[in-house]
Amino acid sequence: MVRVCIDLPMIMNYLKGEPKAVEKLSIYISRRDVELSLSALTLAELYIIIKDTSLVDRVAQDFEILPFNDRAAEQVRLIYDGLDEQGLKFSTREVFIAAVCLTHDAFLLTEDRTTYKYVPGLKVL
């Protein structure tokens, strides 16, 4: 089973019905060998952004929720060290999502492939 973690912009655009996001995510929804997931951090952001908590509750039921744990925290440090060596800066949210994906061996489904290409070992769709 392949684990695919969806980032915040992708899931928000999907929920809004934006055609590119719907088309891209639909490819993975229809595959039986894919387990779709969200990071717990993304879920928390959804609860902040979307006032209809029943919608967020349904999303949480439809996707595996990947926790941010001590291994992910260590990945954050490694990612920041690697970016610093390259002279690059990412937002904290981007680094945390990348760390969750690396920790849980998940591909990251995002509309922003450019940003994440600098994170070694991160598999981006």
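For this structure, a couple of remarks:
- Yes/no for Val95 being among the aliphatic types (A, V, I, L, M), surrounded by 12 or more Cβ atoms within 10 Å (Cβ to Cβ), out of contact with any Gly (no Cβ under 6 Å at 6 or more places or on another chain) and in contact (Cβ under 8 Å) with a residue 40 or more places away in the chain: no
- Restricting region 84-97 to residues that are among the hydrophobic types (A, V, I, L, M, F, W, C) and at pLDDT below 90, the residue that is nearest to Leu41 (Cα to Cα): Phe90
- Number of residues in region 10-30 that are surrounded by fewer than 14 Cβ atoms within 10 Å (Cβ to Cβ) and in contact (Cβ under 8 Å) with a residue 24 or more places away in the chain: the value is 1.
- Check on Lys51, loosely packed, with under 12 Cβ neighbours inside 10 Å, closer than 21 Å to Thr114 by Cβ and free of Cβ contacts under 8 Å to residues at least 60 places away in the same chain: no
- Yes/no for Glu64 being in contact with a helix residue (DSSP H, G or I) (Cβ under 6 Å, 6 or more places away or on another chain), of a type in the set (D, E, K, R), surrounded by fewer than 18 Cβ atoms within 10 Å (Cβ to Cβ) and within 20 Å of Met12 (Cα to Cα): no
- Subset of region 92-114 that is in contact with a helix residue (DSSP H, G or I) (Cβ under 6 Å, 6 or more places away or on another chain) and of a type in the set (S, T, N, Q) - its residue that is farthest from Leu78 (Cα to Cα): Thr110
The values are calculated or read from the model by the stated rules, or taken from the named source; none is laboratory data. As the structure is a computational prediction, the values presented were derived from the model and not from experiment. Reconstructed Cβ throughout: ideal geometry from the backbone, glycine too, with neighbour counts over all protein chains shown.
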